[in-house]
Amino acid sequence: MNKPIFLSPLAVLLSGCSAFGAAAAEEPDFAVLAEDGRVQIREYGELLVAQTEVEGDYDEISRVAFGRLAGFIFGGNQYGQEVAMTAPVLQEEATTKKGEKIAMTAPVLQESSGDAWVMTFVMPAEYTLETLPRPIDSLVEISTIPPKRVATIRFSGLMNKKKFDRYSAELSNWIEGNGYAAISPPRSAGYNPPWTLPPLRRNEIHIDIESAG
């Protein structure tokens, strides 16, 4: 499923969080190429991801999509092993051990796909496409996302469709006004567990842009 990446508006139950909800999960590596206030231009390498698509409104589908993907990383796979949500890492099936924990990474991504939304979990960097356990649920798909250049804007508070639209428009205007070309729809990115105080939450909107040259 060659779908764009999307972040959950609920933010994920990341492991290792403090009482205030600060995320301690692994994040994908990226290089910051430019920065302008809350906006950054980043370059990401290839990412290994688990994705699922759910029809419905942005504010309604998160529990279903998140539950489906969480089921995969918390044992709903061919080895019954937990997959920690972290940056994209892959392990060969031949060397995977039962009971091995698959970490949870941040952020969780969510993006529109017609009348549906696609939610994406980035897999830990220790896995590869060959070594990551296969999901039992046929609605969860494993794939890789090629390296990309991404414009991002950061904000706090609760993530919802209103915020998504507001900051997507702001980032789109920045991209156009600074001579870049957007090549993907916007997607939301959430980094904190649900109990995080709104002022401490880290949310982002991501839009892929055309690489210079």
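The values are calculated or read from the model by the stated rules, or taken from the named source; none is laboratory data. None of the values given here were measured: they were computed from a predicted structure. Neighbour counts are summed over all protein chains in view; Cβ atoms, including those assigned to glycine, are modelled from backbone coordinates with ideal geometry.
Residues that are crowded, with 21+ Cβ neighbours inside 10 Å and either out of contact with any Phe, Trp or Tyr (no Cβ under 9 Å at 6 or more places or on another chain) or among the aromatic types (Phe, Trp, Tyr) (or both) within segment 176-191 comprise Gly190, Tyr191, listed in sequence order. Selection of segment 192-201 for residues being surrounded by fewer than 19 Cβ atoms within 10 Å (Cβ to Cβ) and closer than 19 Å to Gly37 by Cβ yields only Pro199.
I'm checking my understanding of the structure. Among residues of segment 139-166 that are in contact with a strand residue (DSSP E or B) (Cβ under 8 Å, 6 or more places away or on another chain) and assigned to a loop (DSSP other than H, G, I, E, B), which one is modelled with the lowest pLDDT?
Step one: list which residues in segment 139-166 are in contact with a strand residue (DSSP E or B) (Cβ under 8 Å, 6 or more places away or on another chain), which gives 139-145, 147-157, 159, 163-164.
Now narrow it down to the ones that are assigned to a loop (DSSP other than H, G, I, E, B): 139-140, 147, 156-157, 159.
On the way: Leu139: 93, Val140: 93, Pro147: 96, Ser156: 93, Gly157: 92, Met159: 86.
Only one residue tops the list, namely Met159.
Screening segment 1-102 for strands (runs of 3 or more DSSP E) wholly inside it with 3 or more residues that are surrounded by fewer than 13 Cβ atoms within 10 Å (Cβ to Cβ) and either at pLDDT 70 or above or at positive phi (or both) returns the ranges 30-36. Scanning segment 143-200 for residues being among the small types (Gly, Ala, Ser) and in contact with a His (Cβ under 9 Å, 6 or more places away or on another chain) gives a total of 4. Residue-level check: of (1) under 15 Å from the mean Cα position of the chain (by Cα); (2) within 21 Å of Glu26 (Cα to Cα); (3) of a type outside the set (D, E, K, R), Ser156 misses just (1).
Against the list (1) hydrophobic (A, V, I, L, M, F, W, C); (2) part of a loop (DSSP other than H, G, I, E, B); (3) under 24 Å from Ile61 (Cα atoms), the condition Leu109 fails is (2). The set of residues from segment 104-161 being in contact (Cβ under 8 Å) with a residue 60 or more places away in the chain, among the basic types (Lys, Arg) and exposed (fewer than 14 other Cβ atoms within 10 Å of the Cβ) comprises just one member, Lys161.
Which of the residues that make up segment 167-213 are part of a strand (DSSP E or B) and among the hydroxyl-bearing types (Ser, Thr, Tyr)? Residue satisfying the conditions is Ser188 alone.
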